[in-house]
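Structure, as structure tokens:
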């Protein structure tokens, strides 16, 4: 498999033909001020999320795992003009950081930030959602799927990040709860006759799932 070097990634981003000063600043400030910046859906993945959202042109998007808001901004750029994105972040210490960049994005009126555990927040939300993005606690991925499937619109799309988990999904008898959570999630997707999916080897594995309507 081709190794994506920094130079090759820069080439890919250059070919996208758009300089995004706001997202670049968000990226830089996240790396300077926030723990675990590797969690950021930046660069190529951000462009992929934006492209998928624009192709789908959803009225409603649900995101589990806001982090610092990079992916929320990318996803919201594909919304219908009057559309909305509900994004959930458990870490209340990030709220001011997130809102600062949402306000500057020009999309704050379309993005609704919910602070708290997804297990408590999702049942309070009202679907249907044409696009759902999951990128939060890997141990809870099976639970997130159970919570979000009833909210998924017919023909809707689920995107899930980190589904290869540094290759640890190949470990048969792992005791790591994060790995087991992702393995269970992946198996639940495969075994659900309502869903069809593919895993893209992008960064740590991005799964695309489509609800198959009758």
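The figures follow:
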| read-out | value |
| --- | --- |
| Among 44-55, 146-157, the order from most to least packed when residues are scored by Cβ within 10 Å on average | 44-55, 146-157 |
| Ordering of 99-110, 134-145 by packing [mean C-beta count within 10 Å, highest first] | 134-145, 99-110 |
| Shape category assigned to segment 98-180 from the gyration tensor of Cα positions, a/c cut at 1.5 | prolate |
| Once the Cα gyration tensor of segment 34-77 is diagonalised, semi-axes √(5λ) in Å | 20, 12, 6 |
| Over the chain: Kirkwood hydrodynamic radius from C-alpha pairwise inverse distances, Å | 17.6 |
| Alpha carbon centroid spacing (whole Å) that separates segment 107-177 from segment 1-70 | 18 |
| Selected from 13, 164, 85 as most flexible by GNM, with the chain as the system and alpha-carbon contacts under 10 Å | 13 |
| Percent of beta bridges antiparallel (DSSP, the chain, rounded to nearest 5) | 35 |
| Within segment 51-93, backbone nitrogen closer than 15 Å to the virtual label 7 Å beyond the Cα of residue 208 toward Cβ | 51-58 |
| Nearest-0.05 FRET efficiency for residue 18 and residue 120, computed from C-beta distance (R0 45 Å) | 0.75 |
| Estimated distance in nm for a label pair at residue 44 and residue 9, the labels positioned 7 Å out from Cα along Cα-to-Cβ | 0.9 |
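Each value in this text was obtained by applying a stated rule to the coordinates, not by laboratory testing. Not measured: the values here are computed from a predicted model. Because the Cβ atoms are built from the backbone with ideal geometry, glycine has one as well, and the counts that use them run over all protein chains shown.
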